[in-house]
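The values are calculated or read from the model by the stated rules, or taken from the named source; none is laboratory data. Fair warning: this is a prediction, and the values are worked out from it, not measured in the lab. Positions of Cβ are generated from backbone atoms using ideal geometry, with glycine treated the same way; all protein chains shown enter the neighbour counts. Just the protein is used for accessible areas: all its heavy atoms, side chains included, with ligands, DNA and RNA removed. Shrake-Rupley method; radii C 1.70, N 1.55, O 1.52, S 1.80 Å.
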Amino acid sequence: MFAYIVRRLIYAVPILIGVNLLTFILFFIVNSPDDMARSQLGEKYVTAAAIENWKIENGYDKPLFHNAEAGGFYAYTDTIFYTKSMRLFAFDFGRSESGRDITADVSQRMWPSVALALPTFVTGIWVNICVALMVVMFRGTKLDRWAVLVFVSLMSISYLFYIIGGQYMVAKLWRLVPISGFNPTADAWKFLILPVVVGVVAGIGAGARWYRTLFIEEASQDYVRTARAKGLSEIRILFRHILPNALIPILTGVVVLIPTLFMGSLLMESFFGIPGLGSYMLDAIRSQDFAIVRSMVFIGSVLYIIGLILTDISYTWADPRVRLN
Amino acid sequence: MSESAMSSVVDAEARVTKLAVSDLSVALTGSGAPILKEVGFHLRAGEVYALVGESGSGKSITSLAIMRLLPDALQVTGGDVQYGDRSLFALTEQEMQEYRGRRIAMIFQDALTSLNPVQRVGAQIEETLMRHTSLSGAEARKRVVQLFEEVGLPEPDKRLDFFPHQLSGGQQQRVMIAMALACEPEVLVADEPTTALDVTIQLQVLDLIRELAKKRDLGVLLITHDMGVVRNIAHRVGVMYQGEIIEEAEVDQFFHNPQEAYSQKLIDSLPDMTHYMHGTADDPLLEVKDLEVHFPIRRGVLQRIKGYTKAVDGISFSIGRGETLALVGESGSGKSTTGRAILNLEPATAGEIRFKGDAIQALKRREMLPYRKQIQVIFQSPFSSMNPRMTIGHILEEGMVSLGLQLTAAERSERVASLLSRVRLEPEFRHRYPHEFSGGQRQRIAIARALAVDPELIICDEPTSALDVSIRAEVLELLLDLQREFGVSYLFITHDLSIVPHLAHRLAVMQDGRIVEQGSAESVLTDPQHPYTRALLESVPRID
Amino acid sequence: MDTVKIVVLWSDLLIYLLAASLTLFFWNMRGNPITAARWRQVFGTRLGMATFVVLGAYIMIALLDSLHFRLALEEDPGQKSDQVYFDNQVVSVLDLALGDMATEHERTYSAPFALQSFEKVNMKNADGVSYRDFPRLEHAGAHLADPADRGSDLVLQSLIGLAKGGVLALIFVGMQWFFLRGSTLPWRAAWTTQAVIICFAAWLIHIGNLYHVLGTDQAGNDVLYKSIKGVRTGVLLGTLATLVMLPIAVSLGIAAGYFKGWVDDVVQYLYTTLSSIPGILLIAASVLLFQVYIDLNPEFFEIGLEKADARFIALCFILGVTSWATLCRLMRAETLKISQLEYVQAAHAFGVSHFRIITRHILPNVVHIILITFVLDFSALVLAEAVLSYIGVGIDPAMASWGNMINTARSELSREPAIWWTLSGAFFFMFSLVLSANLFSDLVRDAFDPRTGLEGAA
């Protein structure tokens, strides 16, 4: 187990280097420092000197990968790739293009994101499993077929409609809770409850449908037939035999997402005015602040890889057949 | 055949009828197509009643219908099942649950998938006990230990906390049996309980069932396709064919004087161990010397190779022209790996494979091509051995095209037609797709495919084990005819010792990657030297 | 003298290429009896027929909207006779079919079927006294003598519209009935759906040319027209992005599963790396960078629509290139499985070349996964378009799309009283497309996925 985790962590290094290389190519080769300078300076006829000046000021005057002028080790470190990308490994994100400290921003904005994403995530899974179990109890009947139709309809509605609809009905029409905003005190729940409910409802269609499929797939396994031949009741079979087995695929689909909860949700946070990482990213995209986008890509990849490792570990815990090596 | 079975036959009439099935009919829910047609039989206490038939005969459906566990796609359309004086079909579902596991218990073919993979085996049995008896907690646990002892599981108090995958196949089936017997039912329905097991284990499990039936005065309904199993433990037998019981008899009477031609055919599938193939060739076509095939085991942080699984561990044999060598062993013995290594589908770790004197074990893809024309293969599964998206014609032509037989399209199609008629199929079949054929027909097409390039050696990897017994004989006969006609040699890989005398000149017995004994089929089978060969031989059913 | 100048956008070319190749693909799949039986299973259900007809209608709209041309301008008096000037406005065949809907602009918002504007403006009456009131709309109900007749006129015109539709539907369905009488498939469901769609469309076009069925937006454009124009964008994005993704995913996945060894390592590394990057950030960054490229090279694009089209195609490519990991993983797993099967082993024993094994034995047996992915991804992409447009990295605002409509609808809804019709228009067209695609893809998956086949048997 320990050896396995160590190996996975070692494997993570080339993947993260790959991520950095990819973003680097995207940001600096497709969009060269000269282009960046031009679009940042904003005028159509900027002088070459102004561009050079901007590049020096912002640290883009170095070569991309290999600096022939600097000797030895510095030939690789005194380059844009190294200064802009590789230092991310030390979680040193530098400053955004508008001059803010990204590391400080991230560590501050992470918590509102978690405050929204975690309750949505946990309630969502719980609700989806309950709904799916209820439907599975009636499998093969008309009720089951109608439920599937409802699930498919629910998942055919864009997320945006759920958010806009929820805001309109709950906050504007019925005036139950504030439309948007956030207050990191005891009152936070007032601001969070609507986005959480919207998030859960929006996820029911796809989630419950998927879990229903998993349950039904398990229900056709041989061991379920054995359980019936033992004289167990359908309820007991569902909860003691089908559920524990179906939890294995549910778990693997879900655990990988846990670390990425820190990244928050782009849509939810921006619609409901929650100052988390999701809205941070959205603002960065809209103001074309590539330094922030690059940092968030890196953080997202790290969290995803942690999620993969957690998934494997949770597998061994849920399924006695799995041993890591 | 034991005396106990004989004596039970004598007083069978005096025994109580436990289960009476009458006029049971089952049909497909949608189309109403009949699956079972008025099946009826009685099961008495202490007897083993074998319901025997080939795949699709409806024997498993009968057992599920009795348990009222039919899948939704099927429904009972008539008839009744009487347990004592109650009709099972008249019970509510709640009442039926009281019968299942308590009075009628069932065991299934594949014990591994039939046990809940994430629940400890002890807990799975305790669950049954708690459902039907007042036992709980420590008492239930104690009872499980007793049951495990009774079914012969070693170290029962430890096995209790194992998960199913940690047990061997035979042990899993013993757990299933313990689970079925936990609440002391009076009827046991066993659906192919030994089919998934290796032959030596099969015998042990059958002995256990027979013993328990006697000790507990249990009525056993045994569903099987294997006449050997019937011969071994059944008292009475019912032959199922296309959803009907066509013959029913006491077991001795049945084997000596079957009424139906179909029954006779089933009995004929039992091995004839008196006639052997003779004559061996001196001129070796294939020579295998000290062949080793090892698979690396990787472990640790850096995934270094920490050891090897020795699938084939230094074996030597040779096959002469026009000769058949049977390579016999149980699953995991390395016999199929040997075949794959000869075909160069698996790299040999060490040793030599010589074909007509040329070493072929380390040839590159292109260098191997001329030999591929001469060494061909027939696989086990009639379902996965042909690409479902190609017509039979294309399947047969593929080898001719890729091995560069210089033929025009017209010549190829003529050849396809002649190949099909050679394996006794219609030439028109070439335009059809594999799924339109039965298992036996597909296996013949697979033979035709191998013959398409005129090979001198054909490696037959369990070509008949997925076939029903009545078809098995036809396919074997075809292989023998082809050998007589074209002088082709076979390496016949099988787990079934019983077909060897009829088929092979020589025999090599494989265990754990090594050949433990080889020689002429007659000498090995009549005078086995190695204990493992003896054990294999004992598990082969015979008619006395 | 030319009266029209045909404009071929890259996306037009692609959509027709796509339609042609899909038709060919389905035609080829009929050859094998198993595949034919599976399609029969899909179309043997009424739901399958009905949803397919709905999808077909959307695809028809998209195809009609992909035949672009520019009309010649009327000759100016001083113009030389051999010189033709073309309108800068590009129109499509669909625009012709919709009649005047495109050009009937009002000044600003108006509610559905309204005769008056939504906002009061300062007006002067005949006496020159200024007052504030809702002005009469320019085009909606212009044929009415008295605004009070609106109710009865609506009923009358609806009947006319429906009657037109009824006649059309009768001819259309009648012809099919004549040719397909002997078929055992549930054609009745297909015909009913067709009749409903034709009648509805005829009604919409008829009424839509007299009133604004879904009102108008801030700039006074007809919302119904905008919603219909969004169809092409949605359909095209949903198919094109998958089409870009397919060759990458299929070739890499099969190569990894078939050759194993270092090829497998490299492919696995590639897709793990790609899927570890938060998708939306990668897409956003790529689109932004492409936008920068367009802005820096304006000389490549003759007209505004071409610029929007270039961004649209780039979006499809970006979505395709960033989303192949999932299918690639499936392909690899399935290929690993098939490579172990006996018919592939037998092919090896016959010395069949790698290329032939892949094309004859492996590819045809993974086609069902490709098909399932194609139909499943379609609806996901249509939904994704809305989200991307909201973030600001989606379709160019100059191009009609449901995402852009939802985006503007958000602020409209918070007005007092709320403007709900833009959102409703986008909702209706998007929901009916995605729902029928989802239902259809469910049927396709049930028919083609061997695993769900088991589910039915037990």
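Things to note:
- Every condition in (1) closer than 22 Å to B:S381 by Cβ; (2) at pLDDT below 90 is met by B:L420 except one, and the failing one is (2).
- Taken over region B:155-171, the criterion of being touching a helix residue (DSSP H, G or I) at 6+ places or on another chain (Cβ under 8 Å), farther than 19 Å from B:T113 by Cα and open to solvent by 50 Å² or more (accessible area, probe 1.4 Å) is satisfied by B:D157 alone.
- Scope region B:408-424; condition assigned to a loop (DSSP other than H, G, I, E, B) and touching a helix residue (DSSP H, G or I) at 6+ places or on another chain (Cβ under 6 Å); matching residues: B:V423
- Taken together, the residues in region A:263-283 that are more than 9 Å from every other protein chain (Cβ to nearest Cβ) and crowded, with 21+ Cβ neighbours inside 10 Å amount to 11.
- All of (1) at pLDDT 90 or above; (2) within 23 Å of the chain's Cα centre (by Cα); (3) open to solvent by 30 Å² or more (accessible area, probe 1.4 Å) hold for B:T195 with one exception: (1).
- Verdict on C:I313 being more than 10 Å from every other protein chain (Cβ to nearest Cβ) and free of Cβ contacts under 8 Å to residues at least 40 places away in the same chain: no
- Evaluation of B:N387 against (1) touching a residue at least 12 places away in the same chain (Cβ under 8 Å); (2) out of contact with any Phe, Trp or Tyr (no Cβ under 9 Å at 6 or more places or on another chain) (one fails), failing number: (2)
- Of all residues in region C:292-305, those being crowded, with 16+ Cβ neighbours inside 10 Å and touching a residue at least 40 places away in the same chain (Cβ under 8 Å) number 1.
- All positions within region A:250-262 that are within 12 Å of another protein chain (Cβ to nearest Cβ) and assigned to a helix (DSSP H, G or I): A:L251, A:P259, A:T260, A:F262
- Listed by first and then second residue, the pairs linking a residue in region C:363-381 that is in the same structural domain as C:L433 (by TED's automatic domain parsing) to a residue that is in a helix (DSSP H, G or I) and among the aromatic types (F, W, Y), with Cβ atoms under 7 Å apart and 6 or more places separating them unless they lie on different chains, are C:H368/C:F448; C:L371/C:F448; C:I372/C:F448; C:V375/C:F440.
- Of all the listed residues (B:G46, B:G53), the sole one being farther than 22 Å from B:M179 by Cα and more than 14 Å from every other protein chain (Cβ to nearest Cβ) is B:G53.
- If the condition is being over 30 Å from B:E260 (Cα atoms) and open to solvent by 60 Å² or more (accessible area, probe 1.4 Å), then region B:77-92 contributes B:D85, B:R86, B:A90, B:T92.
- Enumerated helices (runs of 4 or more DSSP H) restricted to region B:77-167, each holding at least 2 residues that are more than 10 Å from every other protein chain (Cβ to nearest Cβ), in contact (Cβ under 8 Å) with a residue 12 or more places away in the chain and of a type outside the set (A, V, I, L, M, F, W, C): B:121-132, B:137-150, B:156-159
- Of the strands (runs of 3 or more DSSP E) contained entirely in region B:281-393, those carrying at least 3 residues that are modelled with pLDDT under 90 and open to solvent by 40 Å² or more (accessible area, probe 1.4 Å) fall at B:284-299, B:304-320.
- C:L288 in contact (Cβ under 8 Å) with a residue 24 or more places away in the chain, within 25 Å of C:T239 (Cβ to Cβ), more than 9 Å from every other protein chain (Cβ to nearest Cβ) and part of a helix (DSSP H, G or I): no
- Region A:158-170 - residue that is aliphatic (A, V, I, L, M) and more than 10 Å from chain C (Cβ to nearest Cβ) and, of those, most open to solvent (accessible area, probe 1.4 Å): A:M169
- Qualifying residue in region C:333-354 (condition: under 30 Å from C:D396 (Cα atoms) and out of contact with any Phe, Trp or Tyr (no Cβ under 7 Å at 6 or more places or on another chain)): no
- Among (1) closer than 30 Å to A:K84 by Cβ; (2) of a type in the set (V, I, T); (3) open to solvent by 20 Å² or more (accessible area, probe 1.4 Å), the one test that A:T252 misses: (1)
- For region C:393-403, the set of residues classified as open to solvent by 10 Å² or more (accessible area, probe 1.4 Å) and in contact (Cβ under 8 Å) with a residue 24 or more places away in the chain consists of C:D396, C:A398, C:M399, C:A400, listed by residue number.
- A:I56 within 14 Å of chain C (Cβ to nearest Cβ), at pLDDT 75 or above and surrounded by fewer than 16 Cβ atoms within 10 Å (Cβ to Cβ): no
- Residue match in region C:226-243 (condition: assigned to a helix (DSSP H, G or I), open to solvent by 20 Å² or more (accessible area, probe 1.4 Å), within 14 Å of another protein chain (Cβ to nearest Cβ) and among the hydrophobic types (A, V, I, L, M, F, W, C)): no
- Count of region B:457-478 residues which are away from chain C (no Cβ under 14 Å) and more than 20 Å from the chain's Cα centre (by Cα): 1
- Of the residues making up region B:33-76, those that are open to solvent by 10 Å² or more (accessible area, probe 1.4 Å), hydroxyl-bearing (S, T, Y) and in a helix (DSSP H, G or I) number 1.
- Of the candidates B:I493, B:I445, the single residue that is in contact (Cβ under 8 Å) with a residue 12 or more places away in the chain and part of a strand (DSSP E or B) is B:I493.
- Every listed requirement among (1) within 12 Å of chain C (Cβ to nearest Cβ); (2) at pLDDT 85 or above is met by A:S287 save one, (2).
- Residues in region C:342-365 that are hydroxyl-bearing (S, T, Y) and at the interface with chain B (Cβ under 7 Å from one of its Cβ atoms): C:Y343, C:S353.
- Every condition in (1) open to solvent by less than 50 Å² (accessible area, probe 1.4 Å); (2) more than 25 Å from the chain's Cα centre (by Cα); (3) without any contact (Cβ under 8 Å) to a residue 60 or more places away in the chain is met by C:Q340 except one, and the failing one is (1).
- With respect to the conditions (1) at pLDDT 90 or above; (2) within 14 Å of chain B (Cβ to nearest Cβ); (3) not in a loop (DSSP other than H, G, I, E, B), A:I299 falls short on a single one, namely (2).
- Subset tally (residues that are touching a residue at least 24 places away in the same chain (Cβ under 8 Å), farther than 25 Å from A:A132 by Cβ and not in a helix (DSSP H, G or I)) for region A:180-223: 4
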